[in-house]
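The values are calculated or read from the model by the stated rules, or taken from the named source; none is laboratory data. Everything numeric here is computed off the predicted structure, so don't read it as measured data. Here the Cβ is made from the backbone with ideal geometry for all residues, glycine too, and neighbour counts use every protein chain on show.
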Amino acid sequence: MNPDIETRTTAAAPTMERQERPRRGTNRGKLSSQEIEEILGSSGFEAEPPYPYRAAQLRLVRHGGRMFKVRAYRNSEEARQRLMLMDQVRDLFVPCYGRRGRYAIFEYVGKNLLHQCPDIPERIGAFLAELANIEAEPLADEEFDLWCRMLEDAKIFRPRTLDFLKRHYHRIKSPPLRWTLYYGDAMPRNFVFTEDAKFLCIDEKHLRIAPDGLNLVLAEWRFPAQAFAKLKETYTAKAGTAQLESAECSRRILFYFCVAEMAYRLTHARPSKLHGQKEVHRERRLLLMIAGAGWWMRFSESLRWDPRFRMWRSWALLRRHGRAFGRRCAVLRRWSGRLRREANDTVVCPGEPLDE
């Protein structure tokens with residue numbers, strides 16, 4: 001048996017307000033080391049070199065009459081940490097059958113009945129509330145310093161501005177916030193509704209650690225007002241919003257979110273690609289506003305950043321319109337070619353009058 005292979009059972013660990021009966025069609029035991037090797041070999045991941053700026057990749061593999069989802073993370077440590085977080089909320093995600101190195105094997109849910117689920121916002125609210133009820137260790141100073149170095153290397157901020165943000169972070173560390181599990185993309189596209197009426201998350205790569213309340217803050221940004229009202233009602237009933245009631249705590253939560261999101265984007269895209277992202281542009285401005293940066297610092301950062309951002313956005317707009325123009329030209333060429341062929345295929349016999 002390969003010692004690098006970690007096999008896992010698919011039985012869900014019971015959590016609050018969840019029935020402890022096994023899910024039909026998902027509790028199928030565990031895979032052997034040989035089966036894990038065969039599934040990874042069929043995925044083709046091992047024949048490809050790892051790409052440092054690529055997000056966790058996904059491929060579907062059929063093995064033994066069943067479908068599996070193979071996830072390739074950037075390194076084995078990232079895969080190990082992600083599965084450690086999943087172990088605390090197993091019944092909220094699709095089961096994981098095993099891991100070897102930076103690869104993890106999950107069950108593939110082929111039939112998604114999400115269109116038959118009438119209360120999607122409420123179920124997402126319950127999902128986020130259960131994550132908020134799992135306490136986690138707070139952010140270490142070393143990790144925050146690492147994020148700041150990443151932002152400096154990518155030239156997101158000037159060194160003087162980053163020193164100012166570090167000082168602000170150390171000022172707001174106390175009193176400590178409550179930290180919980182956090183899901184960064186709680187949208188309906190990342191969930192499935194199974195035949196046995198289970199609402200499961202299918203994309204585990206967004207599971208991280210963050211201050212309590214960030215799940216609700218992001219949901220308010222992304223959901224329409226009516227859907228968010230239903231989501232918040234369910235979330236509040238199961239987890240509460242005590243930490244968000246303080247304006248100071250809310251600003252501290254948003255400060256963490258802006259730094260963490262920009263650092264997270266740097267691990268999945270080249271630094272130069274971030275200059276054209278609207279989300280990074282918004283997070284930079286929000287971060288400086290929360291930290292209380294003076295008008296001269298904000299102006300200096302805008303003077304340094306905005307021209308590159310506008311250039312990238314203009315180039316992206318030009319490429320999009322250029323591709324649309326190219327598609328229209330291709331359609332015109334196909335139609336003109338068809339008309340020429342039809343004209344060439346028309347044969348007139350000698351002595352036969354043309355139709356008027």
**Item:** Inter-residue pairs, beta-carbon under 8 Å, first within 16 Å of Pro176 (Cα to Cα) and free of Cβ contacts under 8 Å to residues at least 40 places away in the same chain and in the range 242-266, second crowded, with 20+ Cβ neighbours inside 10 Å and not β-branched (Val, Ile, Thr), 6+ apart
**Value:** Leu244/Gly213; Leu244/Leu216; Ser250/Gly213
**Message:** Please verify whether Phe228 is surrounded by 14 or more Cβ atoms within 10 Å (Cβ to Cβ), at pLDDT 85 or above and part of a loop (DSSP other than H, G, I, E, B), treating the condition exactly as stated.
**Reply:** no
**Request:** Under 7 Å between Cβ atoms, at least 6 apart or on separate chains: pull out the pairs that start in the range 45-59 with a residue that is under 16 Å from Ala79 (Cα atoms) and end on any residue that is modelled with pLDDT of 70 or more and of a type in the set (Val, Ile, Thr).
**Result:** Phe45/Val70; Arg59/Val70
**Complete:** Going through the range 77-95 in order, the residues found to be closer than 18 Å to Leu128 by Cα, within 18 Å of the chain's Cα centre (by Cα) and of a type outside the set (A, V, I, L, M, F, W, C) are Arg82
**Asked** Can you tell me which residues in the range 191-218 are under 26 Å from Cys96 (Cβ atoms), assigned to a helix (DSSP H, G or I) and more than 14 Å from the chain's Cα centre (by Cα)?
**Response** Leu214
**Asked** So is Val109 β-branched (Val, Ile, Thr) and without any contact (Cβ under 8 Å) to a residue 60 or more places away in the chain or not?
**Response** no
**Asked** Restricting attention to the range 56-82, and to residues there that are closer than 23 Å to Arg265 by Cβ and in contact with a strand residue (DSSP E or B) (Cβ under 6 Å, 6 or more places away or on another chain), which single residue is surrounded by the fewest Cβ atoms within 10 Å (Cβ to Cβ)?
**Response** Leu58
**Request:** Specify which of the listed residues (Leu31, Leu58, Leu85) is within 19 Å of Phe127 (Cα to Cα) and at pLDDT 70 or above.
**Result:** Leu85
**Pair list, Cβ under 6 Å, 6 or more apart: the range 274-294 residue closer than 12 Å to Thr161 by Cα and in contact (Cβ under 8 Å) with a residue 12 or more places away in the chain, other residue of a type in the set (A, V, I, L, M, F, W, C) and surrounded by 20 or more Cβ atoms within 10 Å (Cβ to Cβ)** = Leu287/Cys258; Ala291/Leu165
**Prompt:** Within the range 113-133, which residues are surrounded by 15 or more Cβ atoms within 10 Å (Cβ to Cβ) and hydrophobic (A, V, I, L, M, F, W, C)?
**Reply:** Cys117, Ile120, Ile124, Ala126, Phe127, Leu128, Ala129, Leu131, Ala132
**Asked** Which residue out of Glu261, Glu279 is at pLDDT 75 or above, closer than 30 Å to Asp153 by Cβ and buried (at least 16 other Cβ atoms within 10 Å of the Cβ)?
**Response** Glu261
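Okay, residues lined up against (1) touching a strand residue (DSSP E or B) at 6+ places or on another chain (Cβ under 7 Å); (2) farther than 18 Å from His268 by Cα; (3) surrounded by 15 or more Cβ atoms within 10 Å (Cβ to Cβ):
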site	(1), (2), (3)
Gly98	yes, yes, yes
Lys111	no, yes, no
Glu142	no, yes, no
Leu146	no, no, no
**Request:** Kindly provide the set of residues from the range 136-193 that are among the acidic types (Asp, Glu) and at pLDDT below 90, ordered by number.
**Result:** Glu137, Asp141, Glu142, Glu143, Asp145, Glu152, Asp153, Asp185
**Item:** Residue tally, condition without any contact (Cβ under 8 Å) to a residue 60 or more places away in the chain and closer than 19 Å to Gly292 by Cα, over the range 133-159
**Value:** 1
**Asked** Does any residue of the range 129-138 turn out to be over 22 Å from Glu195 (Cα atoms) and of a type in the set (S, T, N, Q)?
**Response** yes
**So Leu207, is it modelled with pLDDT of 90 or more and crowded, with 17+ Cβ neighbours inside 10 Å** = yes
